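Participant: Pasting in a structure now, in structure tokens, and then I'll have a few things to ask.
The values are calculated or read from the model by the stated rules, or taken from the named source; none is laboratory data. Since the model is a prediction, treat every value here as computed from it, not as a measurement. Cβ: placed from backbone, ideal geometry, glycine included. Neighbour counts: every protein chain shown.
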């Protein structure tokens, strides 16, 4: 079989993982991280020396804690270190750019305090086609839902910057930065394709904009 540098054959079979509740990395998305724990400083240093890649995954709080740490969701996302800076107090400020989702095939022995897995990328091979894989969203309903959501959450937004984003970047960026709960973040990650993710995002924005019990439903 010929070697394809951008195909599954080029991806690392064994990867370090950074379990972090509420952190979402998507293929093509960008996730900034402020790294300060010694084990994750070691993870970043090892990644810089060997391929500049590691995986983001959420702990699954419904699972029991193991000797290695909290139970994990089965799906995460491989990221490439696309920017790196070290602060005077020894922290790393990094940005991960998402490459492809993975399933946890097997957890491996820990290294320098951080967790490692054997990753199965085959269910998500189409992630490597982004942005060639088309996504068609109707932007006005999504932006209307976003405005209502931001009002409900008292979030200020740079609307000019939001409206300049292409469809892929809009869906990815909103999925990553909106303060959805971890279960919602995982649903966005596991959506079958970008179009399905856009539909899930729209539904979440609308649902999370609704007033809670006892809240005044009259317009302000």
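Participant: Any idea which of 179, 192, 123 is in a loop (DSSP other than H, G, I, E, B) and either closer than 15 Å to residue 77 by Cβ or in the same structural domain as residue 21 (by TED's automatic domain parsing) (or both)?
Facilitator: After applying the criteria, what remains is 192.
Participant: OK, next. Going through 51, 7 one at a time, which residue ends up being in contact with a helix residue (DSSP H, G or I) (Cβ under 8 Å, 6 or more places away or on another chain), surrounded by fewer than 17 Cβ atoms within 10 Å (Cβ to Cβ) and either in contact (Cβ under 8 Å) with a residue 12 or more places away in the chain or more than 23 Å from residue 193 (Cα to Cα) (or both)?
Facilitator: Answer to the check: 7.
Participant: Might you check whether a residue that is surrounded by 15 or more Cβ atoms within 10 Å (Cβ to Cβ), under 17 Å from the mean Cα position of the chain (by Cα) and assigned by TED's automatic domain parsing to the domain that holds residue 41 occurs anywhere in the stretch 109-118?
Facilitator: Checking the stretch 109-118: not a single residue is surrounded by 15 or more Cβ atoms within 10 Å (Cβ to Cβ), under 17 Å from the mean Cα position of the chain (by Cα) and assigned by TED's automatic domain parsing to the domain that holds residue 41.
Participant: Looking at the structure I just gave you, is residue 63 assigned by TED's automatic domain parsing to the domain that holds residue 116 and crowded, with 21+ Cβ neighbours inside 10 Å? Working first, answer last.
Facilitator: Values: assigned by TED's automatic domain parsing to the domain that holds residue 116: yes; crowded, with 21+ Cβ neighbours inside 10 Å: no.
No, not satisfied.
Participant: Take the conditions surrounded by fewer than 18 Cβ atoms within 10 Å (Cβ to Cβ), free of Cβ contacts under 8 Å to residues at least 40 places away in the same chain and either in a helix (DSSP H, G or I) or not assigned by TED's automatic domain parsing to the domain that holds residue 21 (or both) and apply them to residue 203. Does it pass?
Facilitator: Spelling it out, residue 203 is indeed surrounded by fewer than 18 Cβ atoms within 10 Å (Cβ to Cβ), free of Cβ contacts under 8 Å to residues at least 40 places away in the same chain and either in a helix (DSSP H, G or I) or not assigned by TED's automatic domain parsing to the domain that holds residue 21 (or both).
Participant: Please find, within the stretch 147-173, the residue that is nearest to residue 104 (Cα to Cα) out of those that are crowded, with 16+ Cβ neighbours inside 10 Å and in contact with a helix residue (DSSP H, G or I) (Cβ under 6 Å, 6 or more places away or on another chain).
Facilitator: If we take residues in the stretch 147-173 being crowded, with 16+ Cβ neighbours inside 10 Å and in contact with a helix residue (DSSP H, G or I) (Cβ under 6 Å, 6 or more places away or on another chain), then 171 is nearest to residue 104 (Cα to Cα).
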